[in-house]
Amino acid sequence: MRVMAIVVRIIHQFFRDKRTLALMIVAPMFVLLLMDFVFNGEEYTPVIAVSDNVPDAVVDKLKGSGSERERAVGKTSAKTTGRSRD
Amino acid sequence: MKELSAKQARKQLDDQEIDAWLNMNGSAPHITLEGSDPTANQAALATVQKAFQSMVPTPSFQLKTTYWHGSSDMASFDYFGPVLIGVFIFFFVFLIAGVSFLRERTNGTLERLMATPLRRWEIVAGYMIGFGLFTTVQASLISWFAIDVLDMMMEGSFGYVLIITFLLAMTALALGMLLSAFANSELQMMQFIPLVVIPQVFFSGLFNLDTMEEWLRSLSVVMPLTYGANALRDIMVRGQGWSTIAADIYVLLGFTVLFMVLNVVALKKYRKL
């Protein structure tokens with residue numbers, strides 16, 4: 001059949017051009033892999049600072065609600081919780 | 001805000017007409033979330049919780065949450081993922097099809113083919129099958145890689161995913177070949193990407209279009225990627241089967257045939273009499 005003649009010609013053409021063939025396979029996978037890296041990180045945990053006059057009960061509740069916090073007491077009267085961002 | 005019976009609510013959750021359904025189980029509130037879109041889940045939960053907290057006196061309650069689809073630990077990538085698979089397949093296939101078919105013309109091979117007794121539809125069909133073989137392999141590999149290697153959320157059957165990605169690839173192939181008739185160089189073919197592919201990415205469901213004007217939203221009706229992405233999401237996130245994706249399949253088939261027919265017409269331009 002004449003259609004098959006064209007099909008066979010295209011297949012030959014593709015296999016002659018090995019680099020295009022390789023790029024066809026590798027490029028989309030590379031992009032998907034990057035997407036996975038970008039989107040599949042850990043859930044974002046907010047950094048919240050609290051001042052001196054916040055009751056401990058509230059601070060404990062905040063800690064309990066799942067985000068990442070640690071208490072650091074500064075030299076001044078303000079105390080902060082959270083990862084220190086210098 | 002609607003008032004629905006349990007039966008109606010289940011139906012509308014299935015049709016994605018509502019994001020959540022709240023009912024009272026005795027005195028305990030119980031919310032059922034549609035669940036496939038983590039952003040919508042968060043919004044629904046926050047709204048309900050805020051409403052309860054603003055009541056005076058604040059009732060002591062434990063809001064019970066059920067997910068219609070998905071689960072609480074579903075990442076946003078699980079919701080984007082199916083659409084992204086569709087987008088990449090469409091993009092890469094469109095590019096290859098357009099440039100290759102264009103090259104046939106600029107190299108003069110198309111003219112030589114036209115000089116043979118081959119009919120125009122035979123040329124188009126031959127190209128669709130020839131390229132189709134490679135793009136099908138490509139589309140299948142992308143699906144396999146995303147689902148098995150990257151461990152994307154997968155509720156439905158892999159066979160359905162393959163059917164949709166195959167059809168999406170064929171649509172992109174037909175569209176790329178058709179548009180190559182209007183490009184004079186490979187550069188111009190690349191320049192079609194912002195015109196043809198990128199609008200489809202915006203409208204395909206990657207972003208929530210519900211907040212947009214109605215008439216603007218309806219633009220997505222003419223975009224093949226919308227149907228492919230929608231079907232992929234139904235399969236992979238909601239675990240749906242044939243009855244849900246059948247309509248999308250017919251539309252994609254329709255687009256493919258339409259583009260092929262238009263291509264046969266466009267080829268007339270190059271037939272030397």
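The values are calculated or read from the model by the stated rules, or taken from the named source; none is laboratory data. Because the structure is predicted, anything quoted here is derived from the model rather than measured. Cβ coordinates were reconstructed from backbone atoms using ideal geometry, including for glycine residues, and neighbour counts include every protein chain displayed.
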**OP:** Considering (1) within 10 Å of another protein chain (Cβ to nearest Cβ); (2) in contact with a Leu (Cβ under 7 Å, 6 or more places away or on another chain), say which one residue B:94 fails and leave the rest.
**Re:** (1)
Subject >> Residues of the range B:207-226 classified as touching a residue at least 24 places away in the same chain (Cβ under 8 Å) and part of a helix (DSSP H, G or I), total >> reply: 3
**OP:** Would you be able to tell me the number of residues in the range B:205-226 that are surrounded by 15 or more Cβ atoms within 10 Å (Cβ to Cβ) and in contact with a Ser or Thr (Cβ under 9 Å, 6 or more places away or on another chain)?
**Re:** 7
**OP:** Report yes if some residue within the range B:185-192 is at pLDDT 85 or above, buried (at least 21 other Cβ atoms within 10 Å of the Cβ) and either part of a helix (DSSP H, G or I) or among the aliphatic types (A, V, I, L, M) (or both); otherwise report no.
**Re:** yes
**OP:** Only residues that are over 22 Å from residue B:140 (Cβ atoms), more than 7 Å from every other protein chain (Cβ to nearest Cβ) and touching a helix residue (DSSP H, G or I) at 6+ places or on another chain (Cβ under 8 Å): list them for the range A:1-57, please.
**Re:** A:4, A:5, A:9, A:48, A:50
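Results for (1) over 21 Å from the mean Cα position of the chain (by Cα); (2) more than 11 Å from every other protein chain (Cβ to nearest Cβ), shown as yes or no for each residue.
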{"position": "B:106", "(1), (2)": "yes, yes"}
{"position": "B:115", "(1), (2)": "yes, yes"}
{"position": "B:121", "(1), (2)": "yes, no"}
{"position": "B:135", "(1), (2)": "no, no"}
{"position": "B:154", "(1), (2)": "no, yes"}
**OP:** Collect the residues in the range B:22-43 that are part of a strand (DSSP E or B) and within 18 Å of residue B:53 (Cα to Cα), keeping them in residue-number order.
**Re:** B:22, B:23, B:24, B:28, B:29, B:30, B:31
Original post:
Given the conditions (1) surrounded by 17 or more Cβ atoms within 10 Å (Cβ to Cβ); (2) in contact (Cβ under 8 Å) with a residue 40 or more places away in the chain, which single one is not true for residue B:134?
Top reply: (2)
Original post:
more than 14 Å from chain B (Cβ to nearest Cβ), loosely packed, with under 11 Cβ neighbours inside 10 Å and at pLDDT below 75, is that true of residue A:80?
Top reply: no
Original post:
For residue B:79, which of the numbered conditions (1) modelled with pLDDT of 85 or more; (2) within 11 Å of chain A (Cβ to nearest Cβ); (3) crowded, with 23+ Cβ neighbours inside 10 Å fails to hold?
Top reply: (1)
Original post:
Would it be correct to say that residue B:55 is assigned to a loop (DSSP other than H, G, I, E, B) and in contact (Cβ under 8 Å) with a residue 24 or more places away in the chain?
Top reply: no
**OP:** Go through the range B:95-113 and give me each residue that's surrounded by fewer than 15 Cβ atoms within 10 Å (Cβ to Cβ) and within 18 Å of residue A:8 (Cα to Cα).
**Re:** B:109, B:112
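Every residue, every condition in (1) under 30 Å from residue A:34 (Cα atoms); (2) in contact (Cβ under 8 Å) with a residue 60 or more places away in the chain; (3) assigned by TED's automatic domain parsing to the domain that holds residue B:173, yes or no:
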{"residue": "B:17", "(1), (2), (3)": "no, no, no"}
{"residue": "B:30", "(1), (2), (3)": "no, no, no"}
{"residue": "B:37", "(1), (2), (3)": "yes, yes, no"}
{"residue": "B:40", "(1), (2), (3)": "yes, yes, no"}
{"residue": "B:47", "(1), (2), (3)": "no, no, no"}
{"residue": "B:51", "(1), (2), (3)": "no, no, no"}
{"residue": "B:96", "(1), (2), (3)": "yes, yes, yes"}
{"residue": "B:103", "(1), (2), (3)": "no, yes, yes"}
{"residue": "B:110", "(1), (2), (3)": "no, yes, yes"}
Subject >> Restricting the range B:40-66 to residues that are touching a helix residue (DSSP H, G or I) at 6+ places or on another chain (Cβ under 9 Å) and at pLDDT below 75, the residue that is nearest to residue B:79 (Cα to Cα) >> reply: B:63
**OP:** Kindly list, by first and then second residue, each pair from a residue in the range B:158-184 that is assigned by TED's automatic domain parsing to the domain that holds residue B:84 to a residue that is charged (D, E, K, R), limited to pairs with Cβ atoms under 7 Å and residues at least 6 apart or on different chains.
**Re:** B:181/B:269
Original post:
Taking the range B:228-245, which residues are in contact with a helix residue (DSSP H, G or I) (Cβ under 9 Å, 6 or more places away or on another chain) and free of Cβ contacts under 8 Å to residues at least 40 places away in the same chain?
Top reply: B:230, B:244
